[in-house]
């Protein structure tokens, strides 16, 4: 009988088959996630409960094209409080990865991924002579040694034709 | 003497080198030996993690494999990095197929991850390796009459099932060390809430509001300073206080835990990089 009361959809099933999204069908829409969320406190358009509801109801295109799943800070405060053991952070990781495969990545994420895969780390362009001097003054090695060959290889393997 | 390989992450060496310096100075003084990791890459947190889970496993997996080749456990000092490395370790330790896929990519460099090494965040080194008794006996210049608010960092303490650092609802390690160093640890509203840092890329305005929310709560608890254990939190809680809504006289100094503890165990301020702090903590340090 329990199944009869569980809202679900093809999209919810798709998410639940993803390694990060398996908990989605346990959500009872109580809203403690939204109540716990600092992003929701300061951004009215972001309501994690509502986003999960849209997934459960099967609003696939709307969710994948939206920037909202990318606003989760993955702070996991909601997941700490969720009585049904649902991880919103993990579910939104699943949503993001599916969205990325279909070409919907917010620019801020796209640019940073490109930088990391090209340079091997985030801040190559920010590493100035001034910071080098600071490091020397602190007795730290001024020569930062980052590998970019491996991340470049990952770009070939996992990010061709958008992403795999 | 226990030895660790330090994974600095991308941000600390550039944006907060005083954190790196003070970690090294304090741990060395407390009997932990640190070696650096050569030829590392970004752990892949947040950005790669969100767009290709397998690329994320490979990026953090390579760091785990380098440590394994060195035969050393990893010390991570950034919340995002420690969270990523522990999450990926957990996944690779429990999924042979994924481990094989990562190891196939690592083969040409002569690297392999088999699960032999552990990943610890700085707070675990203090709590599990050094211990409160040893910290207490090392304090030779205790603080007097200063009130400090501990900020733990979301990715340092959550999810507990994987990171296993401290009670995620009521963390105590930083508070305990504040007290051992002679300070008063103050409780405040929203202690385990996020600093807002992970929101910077998508919406700086919202990120700043979240950070300032915490600053307001810390101020209401009449704290003289904030003590952090994550590079992003430290930078975020500092930089939001340069928002035009905050009077310069109202700014609350932010110290990394090793800076705060370092002074009490007799390390000079230059070695801790105190002069690099953007909000001067002199009011705390000179008490």
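Annotations for the structure displayed:
- Annotation: of all residues in the range A:122-136 being more than 8 Å from chain B (Cβ to nearest Cβ) and over 19 Å from residue B:201 (Cα atoms), the one that is surrounded by the most Cβ atoms within 10 Å (Cβ to Cβ) is A:132.
- Evaluation of residue A:44 against (1) free of Cβ contacts under 8 Å to residues at least 12 places away in the same chain; (2) farther than 23 Å from residue B:214 by Cβ (one fails), failing number: (2)
- The condition of being in contact (Cβ under 8 Å) with a residue 24 or more places away in the chain and within 10 Å of chain A (Cβ to nearest Cβ) holds for only one of B:208, B:184, B:189, that being B:208.
- Selection count where residues are touching a helix residue (DSSP H, G or I) at 6+ places or on another chain (Cβ under 7 Å), surrounded by fewer than 17 Cβ atoms within 10 Å (Cβ to Cβ) and at pLDDT 95 or above, scope the range A:15-30: 1
- The residues of the range A:32-57 that are part of a loop (DSSP other than H, G, I, E, B) and crowded, with 17+ Cβ neighbours inside 10 Å, listed by number, are A:37, A:43, A:46, A:47.
Results for (1) part of a loop (DSSP other than H, G, I, E, B); (2) more than 23 Å from residue A:39 (Cα to Cα); (3) within 22 Å of the chain's Cα centre (by Cα), shown as yes or no for each residue.
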site: B:205; (1), (2), (3): no, no, no
site: B:208; (1), (2), (3): no, no, yes
site: B:211; (1), (2), (3): no, no, yes
site: B:214; (1), (2), (3): no, no, yes
site: B:217; (1), (2), (3): no, no, yes
site: B:233; (1), (2), (3): no, no, yes
site: B:239; (1), (2), (3): no, no, yes
site: B:245; (1), (2), (3): yes, no, no
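- Among the residues here, residue B:74 qualifies as assigned by TED's automatic domain parsing to the domain that holds residue B:118 and either under 16 Å from the mean Cα position of the chain (by Cα) or buried (at least 24 other Cβ atoms within 10 Å of the Cβ) (or both).
- Any chance residue B:192 is over 25 Å from residue B:282 (Cα atoms) and either at pLDDT 95 or above or in a helix (DSSP H, G or I) (or both): yes
- Within the range B:127-152, the set of residues being within 14 Å of chain A (Cβ to nearest Cβ) and touching a strand residue (DSSP E or B) at 6+ places or on another chain (Cβ under 7 Å) comprises just one member, B:151.
- Residue within the range B:12-31 that is in a loop (DSSP other than H, G, I, E, B), on the phi < 0 side of the Ramachandran plot, in contact with a strand residue (DSSP E or B) (Cβ under 9 Å, 6 or more places away or on another chain) and modelled with pLDDT of 95 or more present: yes
- Residues that are touching a strand residue (DSSP E or B) at 6+ places or on another chain (Cβ under 7 Å) and at the interface with another protein chain (Cβ under 7 Å from one of its Cβ atoms) are absent from the range A:97-109 altogether.
- Residue B:54 being more than 11 Å from every other protein chain (Cβ to nearest Cβ) and either part of a helix (DSSP H, G or I) or in contact with a helix residue (DSSP H, G or I) (Cβ under 7 Å, 6 or more places away or on another chain) (or both): no
- Residues being buried (at least 22 other Cβ atoms within 10 Å of the Cβ) and either part of a strand (DSSP E or B) or in contact with a helix residue (DSSP H, G or I) (Cβ under 8 Å, 6 or more places away or on another chain) (or both) - total across the range B:147-179: 19
- Unique residue being modelled with pLDDT under 95 and at the interface with chain B (Cβ under 9 Å from one of its Cβ atoms) when the list is A:119, A:145: A:145
- Condition met for residue B:123 (assigned to a helix (DSSP H, G or I), away from chain A (no Cβ under 14 Å) and at pLDDT 95 or above): yes
- A count restricted to the range B:17-35 and to residues that are free of Cβ contacts under 8 Å to residues at least 24 places away in the same chain and either more than 16 Å from the chain's Cα centre (by Cα) or over 21 Å from residue B:134 (Cα atoms) (or both) stands at 1.
- Residue within the range A:70-78 that is assigned by TED's automatic domain parsing to the domain that holds residue A:15, in contact with a helix residue (DSSP H, G or I) (Cβ under 7 Å, 6 or more places away or on another chain), in a loop (DSSP other than H, G, I, E, B) and in contact (Cβ under 8 Å) with a residue 40 or more places away in the chain present: no
The values are calculated or read from the model by the stated rules, or taken from the named source; none is laboratory data. As the structure is a computational prediction, the values presented were derived from the model and not from experiment. A quick note on method: Cβ atoms are made from the backbone with ideal geometry, for glycine too, and the neighbour counts reach across all protein chains shown.
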